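Report on the structure given below.
The values are calculated or read from the model by the stated rules, or taken from the named source; none is laboratory data. Worth saying up front: this structure is predicted, and the values here are computed from it rather than measured. As a convention, Cβ positions derive from the backbone with ideal geometry for all residues, glycine included, and neighbour counts pool all protein chains shown. SASA here: full protein model, heavy atoms, side chains in, ligands and nucleic acids out. Shrake-Rupley method; radii C 1.70, N 1.55, O 1.52, S 1.80 Å.
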Amino acid sequence: MAVDLLLGLQWGDEGKGKIVDVLTSNYDIIARFQGGPNAGHTLEFDGIKHVLHTIPSGIFHPNTINLVGNGVVIDPVIFKKELDNLSQFDLDLRKSLLISRKAHIILPTHRLLDAASETAKGKAKIGSTLKGIGPTYMDKTGRNGLRIGDLELNNWKEKYRQLADKHEAMISFYDVDIQYNLEELETEFFIAVERLKELQFIDSEEYIYQAQQSGKTILAEGAQGSLLDIDFGTYPFVTSSNTTAAGACTGLGVAPNKIQEVMGIFKAYTTRVGSGPFPTELFDENGEKMAKVGREFGATTGRPRRCGWLDLIALKYAVQVNGVTQLMMMKGDVLSGFEELKICTAYTYQGEKIQHFPYTIEDESLEPIYETLPGWKEDLTQINKEDDFPDNFKRYIEYIEDFIQVPIKIVSVGPDRKQTIIR
C-alpha cells in the first residue's frame with residue numbers, strides 16, 4: 001500500500017492537527033516524520049481543545065496506531081507532560097503509541113545551548129522557540145547524538161554524561177549570562193526518561209515496510225510548514241529539519257515511489273511566528289482583525305502570530321516543491337466581514353516583475369503585487385455543505401484553484417472537527 005502525506009504549505013500553524021484528526025478514520029497508522037516539540041498541533045472536538053507537541057494527531061482514535069518516526073527529535077520531559085495530559089482519556093498508549101529507536105533525544109543541555117546561542121545573536125536572533133531543537137539536530141548531523149534506542153543499553157547514562165559535559169563547555173564558550181540549575185533539570189529529565197521507557201520502542205522503518213506489505217493504510221504527518229524547511233524555506237529563519245515531502249522519506253524510511261497522495265494545508269490568509277521576512281504582512285486594522293478573529297497565538301509558545309494576505313506565489317512554490325496533489329484550505333471563516341480581500345499574485349523583485357519564489361524575500365529586495373477580490377459578510381461557521389457558501393467565498397476558492405492548478409478538496413470553516421466541508 002502507498003503512503004499519503006499531509007504537509008503544511010506556509011510558515012506552519014496551518015491547522016494540520018485538525019485535518020489529521022478528521023482523516024484518521026481512513027488510516028491504520030498515523031506517522032510523524034520530523035520536527036520536535038516546538039510544533040503544536042491543536043485539535044478541538046466535543047467542546048474541548050487539545051494541544052499535542054510530539055505525539056501524532058491520531059492518538060484520540062482507539063483503533064489507530066500512532067508512530068513517532070526516526071526524523072523526530074524528542075524531549076522526554078515534554079513528552080511525559082503530553083502522556084500525563086492523555087491519562088484522563090481511556091487510551092491504551094502501550095498499544096497505540098510507538099517510538100522509533102532511531103529518533104534523537106533532546107537533552108536539558110540542548111535547551112540551554114539553544115538559549116545561549118540565541119542570546120549571543122542579539123538583534124540578529126532567528127526567533128527560536130528555545131526548545132533545543134536546533135542543537136539536537138546539530139548533534140545528529142555531527143554524529144554525537146543520543147537516540148531512543150540508546151535508552152535500552154546499559155551504558156546510556158554514560159553516553160548522556162559525555163554529551164552533556166560537552167554541551168556545558170560549549171555554553172561557556174558563548175560567554176552570555178544564562179542562569180540554570182542543571183542538577184534540577186536532570187532530575188526531571190531522568191524521571192521523564194523512565195516514563196518514556198514504558199512505551200514500545202521499535203525499528204520503525206521495518207515496521208512501516210511490513211505494514212505496507214500487509215495492506216495497512218498510512219498517513220505521514222508533517223510539522224511546521226514548507227516555508228520553514230531547512231533547504232527550501234526562508235533561510236536562516238527556518239526550522240532545523242526538512243518539512244517538505246522529501247522529509248517523509250528520510251524521516252520514516254519510506255521509499256519515494258511508495259508515496260501516493262500529497263495533501264497540502266494552507267490558511268485562507270497567511271501567518272508567521274517569530275522573525276523572518278513576510279512580504280504580505282499587515283500592520284493595520286485588517287491584520288489586527290485576522291489575529292483577533294483567528295485566535296492567532298502559537299499552540300506551543302503562545303506567541304502572537306503575524307498576519308497578512310494570502311501569498312499565492314509562496315503557496316505555488318510550496319505546491320511545486322512538495323508535488324502536492326490536493327489542497328485543504330483552513331480558516332476561511334476568519335475572512336468573513338472584510339469588504340475586499342487582496343491576494344498576492346506576483347512580486348516586484350529587484351525592479352522586475354516575477355511570479356516565482358526567489359532566493360530572498362527580504363523587504364529591501366521585494367514588494368508584493370496584489371489582485372483584489374470582493375469579500376463576504378456571511379458567517380461561515382454554521383455552514384455544513386458547499387452549496388451554502390456565499391458567492392464571493394466560492395469565487396475566492398476558485399481563484400486560488402485556477403492560479404495554483406490543484407483542487408481544494410477540504411474547506412475548514414471553524415476549529416471543531418465537525419466544521420469541515422469535503423468537496
Looking for something among the basic types (K, R) and either open to solvent by less than 60 Å² (accessible area, probe 1.4 Å) or under 29 Å from R94 (Cα atoms) (or both) - is there at least one such residue anywhere in segment 179-195? yes
Expected single match for at pLDDT below 95, out of contact with any Lys or Arg (no Cβ under 6 Å at 6 or more places or on another chain), open to solvent by 10 Å² or more (accessible area, probe 1.4 Å) and of a type in the set (G, A, S) among G58, G15, G35 is G15
All-but-one check, E205 against (1) modelled with pLDDT under 95; (2) surrounded by fewer than 19 Cβ atoms within 10 Å (Cβ to Cβ), failing number (1)
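So is I148 open to solvent by less than 20 Å² (accessible area, probe 1.4 Å), within 27 Å of the chain's Cα centre (by Cα) and more than 24 Å from P236 (Cα to Cα) or not? I'd like the intermediate steps shown before the answer.
Numbers: open to solvent by less than 20 Å² (accessible area, probe 1.4 Å): yes; within 27 Å of the chain's Cα centre (by Cα): yes; more than 24 Å from P236 (Cα to Cα): yes.
The answer is yes for I148.
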Flagged in segment 363-392 as open to solvent by 80 Å² or more (accessible area, probe 1.4 Å), assigned to a loop (DSSP other than H, G, I, E, B), in contact (Cβ under 8 Å) with a residue 12 or more places away in the chain and more than 19 Å from K331 (Cβ to Cβ), in numbering order, are D363
So, first residue on the phi > 0 side of the Ramachandran plot in segment 209-228, second residue open to solvent by 30 Å² or more (accessible area, probe 1.4 Å), Cβ within less than 7 Å, six or more apart or across chains; the pairs are G215/M1
Picked from segment 322-362 (must be surrounded by fewer than 18 Cβ atoms within 10 Å (Cβ to Cβ) and of a type in the set (D, E, K, R)), the residue modelled with the lowest pLDDT is E362
Out of (1) outside any strand (DSSP E or B); (2) in contact (Cβ under 8 Å) with a residue 60 or more places away in the chain, the one C344 does not meet is (1)
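Mind telling me which of the residues L163, L219 ends up being under 26 Å from K16 (Cα atoms), hydrophobic (A, V, I, L, M, F, W, C) and touching a helix residue (DSSP H, G or I) at 6+ places or on another chain (Cβ under 8 Å)? Quick ask: steps written out before the conclusion?
On the way: L163 fails: under 26 Å from K16 (Cα atoms).
Only one candidate passes the filter, namely L219.
Condition (residue is of a type in the set (V, I, T) and either at pLDDT 95 or above or open to solvent by 50 Å² or more (accessible area, probe 1.4 Å) (or both)) applied to segment 159-173: is it met by at least one residue? Break it down stepwise before answering.
Filtering segment 159-173 down to residues of a type in the set (V, I, T) leaves 171.
Checking the rest, the ones that are also either at pLDDT 95 or above or open to solvent by 50 Å² or more (accessible area, probe 1.4 Å) (or both) come to none.
No, there is no match, as no residue in segment 159-173 is of a type in the set (V, I, T) and either at pLDDT 95 or above or open to solvent by 50 Å² or more (accessible area, probe 1.4 Å) (or both).
Based on this model, can you work out whether Q179 counts as without any contact (Cβ under 8 Å) to a residue 12 or more places away in the chain, of a type in the set (S, T, N, Q), over 15 Å from L112 (Cβ atoms) and out of contact with any helix residue (DSSP H, G or I) (no Cβ under 8 Å at 6 or more places or on another chain)? Step through it out loud before you land on a result.
Working: without any contact (Cβ under 8 Å) to a residue 12 or more places away in the chain: yes; of a type in the set (S, T, N, Q): yes; over 15 Å from L112 (Cβ atoms): no; out of contact with any helix residue (DSSP H, G or I) (no Cβ under 8 Å at 6 or more places or on another chain): yes.
It is false that Q179 is without any contact (Cβ under 8 Å) to a residue 12 or more places away in the chain, of a type in the set (S, T, N, Q), over 15 Å from L112 (Cβ atoms) and out of contact with any helix residue (DSSP H, G or I) (no Cβ under 8 Å at 6 or more places or on another chain).
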- Message: Tell me yes or no: at least one residue of segment 85-97 is among the aliphatic types (A, V, I, L, M), open to solvent by 30 Å² or more (accessible area, probe 1.4 Å) and over 20 Å from the mean Cα position of the chain (by Cα).
- Response: yes
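State all residues of segment 19-32 that are in contact with a strand residue (DSSP E or B) (Cβ under 7 Å, 6 or more places away or on another chain) and either open to solvent by less than 10 Å² (accessible area, probe 1.4 Å) or among the hydroxyl-bearing types (S, T, Y) (or both); if no residue qualifies, say none.
Looking only at segment 19-32, we keep the residues that are in contact with a strand residue (DSSP E or B) (Cβ under 7 Å, 6 or more places away or on another chain), and these are 19-24, 27-32.
Across segment 19-32, the qualifying residues are I19, V20, D21, T24, Y27, I29, I30, A31, R32.
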Reported set for segment 72-81 where residues are open to solvent by less than 10 Å² (accessible area, probe 1.4 Å) and either hydroxyl-bearing (S, T, Y) or closer than 19 Å to Q224 by Cα (or both) is V72, V73, I74, D75, F79
Condition (residue is under 29 Å from the mean Cα position of the chain (by Cα), of a type in the set (F, W, Y) and closer than 27 Å to G251 by Cα) applied to segment 186-198: is it met by at least one residue? yes
Quiz item: Does G414 count as of a type outside the set (V, I, T), crowded, with 18+ Cβ neighbours inside 10 Å and in a loop (DSSP other than H, G, I, E, B)?
Solution: yes
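For segment 90-193, list the helices (runs of 4 or more DSSP H) that sit wholly inside it and hold at least 2 residues that are closer than 30 Å to N63 by Cβ; which are they? Break it down stepwise before answering.
Numbers: elements: 93-96, 108-121, 133-141, 156-174.
Result: 93-96.
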